[in-house]
1. Specify the residue that is modelled with the lowest pLDDT; the eligible residues are those in the stretch 185-199 that are within 17 Å of Leu87 (Cβ to Cβ) and under 17 Å from the mean Cα position of the chain (by Cα).
2. Would you mention how many residues in the stretch 135-154 are hydrophobic (A, V, I, L, M, F, W, C) and touching a Gly at 6+ places or on another chain (Cβ under 9 Å)?
3. Among the residues of the stretch 97-139, count how many are modelled with pLDDT of 50 or more, among the polar types (S, T, N, Q) and assigned to a loop (DSSP other than H, G, I, E, B).
4. For the stretch 15-43, how many residues are assigned to a helix (DSSP H, G or I) and touching a helix residue (DSSP H, G or I) at 6+ places or on another chain (Cβ under 8 Å)?
5. Please specify each residue of the stretch 40-95 satisfying the condition of being more than 17 Å from the chain's Cα centre (by Cα), aromatic (Phe, Trp, Tyr) and within 19 Å of Arg23 (Cα to Cα).
6. Using beta carbons and a limit of 7 Å, which pairs, at least six apart or on different chains, have the first residue in the stretch 19-45 and surrounded by 13 or more Cβ atoms within 10 Å (Cβ to Cβ) and the second one of a type in the set (Asp, Glu) and not in a loop (DSSP other than H, G, I, E, B)?
7. Kindly provide the set of residues from the stretch 140-176 that are part of a helix (DSSP H, G or I) and among the aromatic types (Phe, Trp, Tyr), ordered by number.
8. Using beta carbons and a limit of 8 Å, which pairs, at least six apart or on different chains, have the first residue in the stretch 164-177 and among the acidic types (Asp, Glu) and the second one surrounded by 16 or more Cβ atoms within 10 Å (Cβ to Cβ)?
Amino acid sequence: MAPETVLAEQTYRALKDAIMHGRFAPGAPLNTHAVAAEHEISVSPVRDAFHRLVGERLLESRSSGGFQIPFATAESVRALYLWHHSLLRMAFGSMAKANLHQGGEEPSRFSQPVDAAGIAAAASELFAGLGARSGDSELAFAIRAAGDRLHTLRICEGLYKDRVDELQKLRAVLVSGAFPGARRALGTYLRWRLHHVDAILACLYDPRNWRRS
């Protein structure tokens, strides 16, 4: 792989990780030259990364030019939760019980205690695995993409107590392969988030919860 390609990929991954971990507030503008200077690289790989992230809806283009972090509203957050839920139901509904264990069973317990960011990562891993087991590559891609957009919200969810226990129980139900139980568990998982949308949004916008530029 050419050095320029490697640099572009590293830049993209670094920016994506920063966005998903809340370094930039919703609506914050991102300046191509400032980011390039921070990383001590040319503008080209930064611009390429920005365009990739726009395609993933982790960034958006500004009407006045440049890029910014998408704003989050109660309506947009609810819509994203509902979309993710629909994708999960589609994935689970497409799987036979035997396929759930492809590559080995998922552990029913986390190997070690996790913080809010760890809970978000564990949720991403769980749901991405569900998508992969669906046998539908487009559906798997859509679940992972929606999960990336939900990541900062999941970090906020993790600040509430009992989220680790919730995720462990959900994992156990999904691994069991029982569709009625999984459907109920996914519904419960969704309802908690819809009920707490306002508090999750407040967390997202509160600079005390993030290391922001």
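The values are calculated or read from the model by the stated rules, or taken from the named source; none is laboratory data. These numbers were taken from a predicted model, which means no experiment stands behind them. Note that each Cβ is placed from the backbone with ideal geometry, even for glycine, and that neighbours are counted across all protein chains shown.
1. Leu186
2. Of the residues in that region, 5 qualify.
3. Adding up the residues that qualify gives 3.
4. Going through the stretch 15-43 one residue at a time, the tally reaches 10.
5. Answer for the stretch 40-95, where residues must be more than 17 Å from the chain's Cα centre (by Cα), aromatic (Phe, Trp, Tyr) and within 19 Å of Arg23 (Cα to Cα): Phe50, Phe67.
6. Met20/Asp148
7. Hit for the stretch 140-176 is Phe141, nothing else.
8. That search, which allows pairs on different chains as well, returns Glu166/Tyr189.
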